[in-house]
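A.B. asks: Sharing a structure here in structure tokens format.
The values are calculated or read from the model by the stated rules, or taken from the named source; none is laboratory data. Worth saying up front: this structure is predicted, and the values here are computed from it rather than measured. Backbone-built Cβ (ideal geometry, glycine too); neighbour counts: all protein chains shown.
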Amino acid sequence: MPARPRRALAGGGTGGQPARRRGAGDARPLVAAAPVCRGSRRRGGGQVSQRVGAVDCGTNSIRLLVADVGSDGRLTDVVRRMEVVRLGQGIDRTGVIAPEAMERTLAAAREYAALCREHGVETARFVATSASRDARNADDFVAGVREAFGELDVAPEVVPGDVEARLSFAGATGDLPAAGVEGPYLVVDLGGGSTELVRGTERVEAARSVDVGCVRITERHLEHDPPTQEEIVAARADVARALEQAEEVVHLGGLSAVVGLAGSVTTVTAHALGLDRYDRDAIHLAQVPLEAHRGACRSLLAMSREQRAALPYMHPGRVDVIGAGALVWYEVLGRVAVRSPGVRVVTSEHDILDGIALSVAG
């Protein structure tokens, strides 16, 4: 993958700022990026670079990026990994991380720690998002990650939604000007438990995180396979209420482009493009008409799980939740289309994970 320019994080978003779990009265300190070994290295052409590790642990999946950050602030990928661990399994109902979900996630964390050691990572950052923000047993998760990384001395940062939004914006927008996509942007990071809406051009101007995501909406509303009309109506109303709250902070008028991130959006894009496999290069920076996106959303929502599983680009871990993810994306695009007629829709494979890597080097 070619190197891409770094975009500085606006308003911080690195370790050392207070984070707060939703529903908790006490601030949770963010843990500064932990050094694994010190010094820089020279890559091809003699350019000095720093090798960093970034982990994004969300409600549905956990991902690793090992990358070299050059002295010019460009990222070059070394390793990218993703596992569907469903950390947020049942959390909307119980308020705690289920033991089996905790173990799946910590097993992946142990594997990622081994990869960081193998590839000589110099500095690493582990960001935990929606599920661990919401869980009453988040402290157990933090302790488990510390143990998984052992002597690497990496601890997860349980970040609030505004920090998550800044990281997503930084990761998503670096490629856009070179691709001829100008702001103002609305970056939409559609996760398993929450969705971040971030407006900005050079930097974040407004951001809001709302508690609607593909796992959360599935567990709240979409019990049948395929979902019933009554379930869809209830889910759409839930998402609409959340988006109304977001619009109190994030203005949706006058946008040039809406930039969709994460697995639900990339899968909808693959469906709209009719791909015969999941192809990151075809999906990244794809500009599909807004109504084609919404048509793909309707199609995926109406399918049975068996039909979704047969799609050649469908990850097995998304089969049961892509309907809800498509529903959230459908509602976001419908609202944006009214507020910003003619807006472009761009899908990015670069997201919060890239933003985390850039924040480590910064």
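A.B. asks: Checking the conditions here, which among D189, D175 is farther than 30 Å from S304 by Cα and touching a residue at least 60 places away in the same chain (Cβ under 8 Å)? Steps first, answer last, please.
C.D. replies: Working: D189 fails: farther than 30 Å from S304 by Cα.
Selected residue: D175, the only one of D189, D175 that is farther than 30 Å from S304 by Cα and touching a residue at least 60 places away in the same chain (Cβ under 8 Å).
A.B. asks: So if I check each of R241, R203, R220, which one is without any contact (Cβ under 8 Å) to a residue 12 or more places away in the chain and either under 16 Å from L186 (Cα atoms) or not assigned by TED's automatic domain parsing to the domain that holds G90 (or both)?
C.D. replies: Result of the check over R241, R203, R220: R241.
A.B. asks: Are any of the residues in segment 225-234 within 30 Å of T173 (Cβ to Cβ), surrounded by fewer than 23 Cβ atoms within 10 Å (Cβ to Cβ) and out of contact with any Lys or Arg (no Cβ under 6 Å at 6 or more places or on another chain)?
C.D. replies: Looking through segment 225-234, none of the residues is within 30 Å of T173 (Cβ to Cβ), surrounded by fewer than 23 Cβ atoms within 10 Å (Cβ to Cβ) and out of contact with any Lys or Arg (no Cβ under 6 Å at 6 or more places or on another chain).
A.B. asks: Can you find a residue in segment 104-111 that is under 30 Å from A206 (Cα atoms) and among the polar types (S, T, N, Q)?
C.D. replies: No: zero hits.
A.B. asks: Pairs under 9 Å by beta carbon, first residue of a type outside the set (K, R) in segment 282-298, partner at pLDDT below 95 and not in a loop (DSSP other than H, G, I, E, B), six or more apart or different chains?
C.D. replies: L285/A179; Q287/A179
A.B. asks: Looking only at segment 323-358, how many residues end up being under 18 Å from I62 (Cβ atoms) and out of contact with any His (no Cβ under 8 Å at 6 or more places or on another chain)?
C.D. replies: 8
A.B. asks: Testing T218 on (1) in contact with a strand residue (DSSP E or B) (Cβ under 8 Å, 6 or more places away or on another chain); (2) of a type in the set (S, T, Y); (3) buried (at least 21 other Cβ atoms within 10 Å of the Cβ), one condition comes back false. Which one is that?
C.D. replies: All conditions are met except number (1).
A.B. asks: Restricting the search to segment 189-211, which residues are surrounded by fewer than 24 Cβ atoms within 10 Å (Cβ to Cβ) and within 16 Å of G58 (Cα to Cα)?
C.D. replies: Correct list: V210, D211.
A.B. asks: Still on this model: For segment 128-154, what are the residues that are under 18 Å from L353 (Cβ atoms) and in a loop (DSSP other than H, G, I, E, B)?
C.D. replies: Within segment 128-154, T129, V154 qualify.
A.B. asks: Just one of R51, R117, R125 is modelled with pLDDT of 90 or more, over 22 Å from A262 (Cα atoms), part of a strand (DSSP E or B) and not assigned by TED's automatic domain parsing to the domain that holds E219; which is it?
C.D. replies: Residue meeting the stated conditions: R51.
A.B. asks: Okay, next question. Go through (1) acidic (D, E); (2) modelled with pLDDT of 85 or more; (3) buried (at least 16 other Cβ atoms within 10 Å of the Cβ); (4) not in a strand (DSSP E or B) for D92 and report which single condition fails.
C.D. replies: The failed condition is (2).
A.B. asks: For V345, are the conditions met, namely being at pLDDT 95 or above, crowded, with 22+ Cβ neighbours inside 10 Å, among the aliphatic types (A, V, I, L, M) and more than 16 Å from C214 (Cβ to Cβ)?
C.D. replies: The answer is yes for V345.
A.B. asks: Starting from residues that are within 21 Å of T173 (Cα to Cα) and touching a residue at least 60 places away in the same chain (Cβ under 8 Å), keep the ones in segment 328-338 and report whichever is surrounded by the most Cβ atoms within 10 Å (Cβ to Cβ).
C.D. replies: W329
A.B. asks: How about segment 179-215: which of its residues are under 15 Å from the mean Cα position of the chain (by Cα) and either over 22 Å from V259 (Cβ atoms) or among the hydrophobic types (A, V, I, L, M, F, W, C) (or both)?
C.D. replies: Residues satisfying the conditions are L186, V187, V188, L190, L197, V198, A207, V210, V212, C214, V215.
A.B. asks: Right, another one. Tell me whether segment 153-172 contains one or more residues that are out of contact with any Gly (no Cβ under 8 Å at 6 or more places or on another chain), surrounded by 18 or more Cβ atoms within 10 Å (Cβ to Cβ), over 30 Å from L255 (Cβ atoms) and modelled with pLDDT of 90 or more.
C.D. replies: No, every residue in segment 153-172 fails to be out of contact with any Gly (no Cβ under 8 Å at 6 or more places or on another chain), surrounded by 18 or more Cβ atoms within 10 Å (Cβ to Cβ), over 30 Å from L255 (Cβ atoms) and modelled with pLDDT of 90 or more.
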